[in-house]
């Protein structure tokens, strides 16, 4: 493999800042894993939580690309509403660069 410098070489590469591993589930998204000591853990998310909405946008209308972009914004804050065991809860999350 040969890596060549491009115009974007010096741009930062942002990784997920939530600590949440979210995968498709039915017509929405489910939290499969919450990494310890991350924004997602601090906000109180648990594996098995089903994403209901993100900043008021219904989760079933969010693409992977939209979620992927949202969780890569250092300092961003928003409200994620989830379904947990038949109950709905809305929690604030503030994203922070992890490294």
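All of the numbers you see were taken from the coordinates with simple rules; none came from a lab. Just so you know, these numbers come straight off a predicted model, no measurement behind them. Methodologically, a virtual Cβ is constructed for each residue, glycine included, from the backbone with ideal geometry; neighbour enumeration extends over all protein chains shown.
Considering the range 33-61, the residues that are in a loop (DSSP other than H, G, I, E, B), in contact with a strand residue (DSSP E or B) (Cβ under 7 Å, 6 or more places away or on another chain) and in contact (Cβ under 8 Å) with a residue 40 or more places away in the chain include one that is nearest to residue 71 (Cα to Cα), namely 45. If the condition is being without any contact (Cβ under 8 Å) to a residue 12 or more places away in the chain and either assigned to a strand (DSSP E or B) or exposed (fewer than 11 other Cβ atoms within 10 Å of the Cβ) (or both), then the range 62-84 contributes 63, 65. Restricting the range 11-23 to residues that are free of Cβ contacts under 8 Å to residues at least 40 places away in the same chain and not in a loop (DSSP other than H, G, I, E, B) leaves a set whose member that is surrounded by the fewest Cβ atoms within 10 Å (Cβ to Cβ) is 23. The conditions of being surrounded by 15 or more Cβ atoms within 10 Å (Cβ to Cβ), in a strand (DSSP E or B) and out of contact with any helix residue (DSSP H, G or I) (no Cβ under 9 Å at 6 or more places or on another chain) are met by residue 30. When residue 96 is tested against (1) without any contact (Cβ under 8 Å) to a residue 24 or more places away in the chain; (2) in a loop (DSSP other than H, G, I, E, B), exactly one condition is not met: (1). When residue 8 is tested against (1) loosely packed, with under 10 Cβ neighbours inside 10 Å; (2) in contact with a helix residue (DSSP H, G or I) (Cβ under 8 Å, 6 or more places away or on another chain), exactly one condition is not met: (2). For the range 46-61, a tally of residues being in contact with a helix residue (DSSP H, G or I) (Cβ under 9 Å, 6 or more places away or on another chain) and surrounded by 14 or more Cβ atoms within 10 Å (Cβ to Cβ) returns 6.
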